[in-house]
């Protein structure tokens with residue numbers, strides 16, 4: 001099965017093949033700041049299973065640990081590419097066409113989770 005997604009305005013599209021992937025809520029301060037959200041949920045997969053099919057994303061070198069790819073027109077965050085895990089790629093779950101199919105199973109960087117965030121479900 002092939003899954004697809006893209007940005008809000010539709011200029012950037014991607015797809016990836018089915019697999020058993022880790023889906024995690026990241027509570028790190030960089031994810032929070034670059035998304036303006038209390039956390040970001042990522043589907044983490046081998047890079048070779050992921051491909052952009054339309055458009056060319058912008059790149060933000062967000063830290064020495066990696067870069068974030070996003071739509072230059074609408075600003076949608078799409079991907080995190082880690083320098084430490086260069087064989088993997090993290091895809092923003094809510095940029096998927098069917099995000100309901102990818103519920104989170106883990107939480108990362110819980111030490112920096114916002115104190116007012118009530119966690120439920122995972």
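The values are calculated or read from the model by the stated rules, or taken from the named source; none is laboratory data. Predicted model, so just to flag it, every value in this text is computed and none were measured. Because the Cβ atoms are built from the backbone with ideal geometry, glycine has one as well, and the counts that use them run over all protein chains shown.
Tell me, which strands (runs of 3 or more DSSP E) wholly within segment 13-75 include 2 or more residues that are without any contact (Cβ under 8 Å) to a residue 24 or more places away in the chain and surrounded by fewer than 20 Cβ atoms within 10 Å (Cβ to Cβ)?
Qualifying strands (runs of 3 or more DSSP E): 58-63, 66-70.
For the list (1) modelled with pLDDT of 95 or more; (2) closer than 21 Å to residue 19 by Cβ; (3) exposed (fewer than 14 other Cβ atoms within 10 Å of the Cβ), I need the number of the one condition that residue 122 fails.
(1)
So which residues in segment 81-90 are in a strand (DSSP E or B) and touching a residue at least 40 places away in the same chain (Cβ under 8 Å)?
88, 89, 90
Quick check: anything in segment 91-106 in a helix (DSSP H, G or I) and either crowded, with 19+ Cβ neighbours inside 10 Å or at positive phi (or both)?
Yes; the residues of segment 91-106 include at least one that is in a helix (DSSP H, G or I) and either crowded, with 19+ Cβ neighbours inside 10 Å or at positive phi (or both).
Between a first residue in segment 102-113 that is more than 17 Å from residue 32 (Cα to Cα) and a second residue that is surrounded by fewer than 14 Cβ atoms within 10 Å (Cβ to Cβ), which pairs have beta carbons less than 7 Å apart while being 6 or more apart in sequence or on different chains?
105/122
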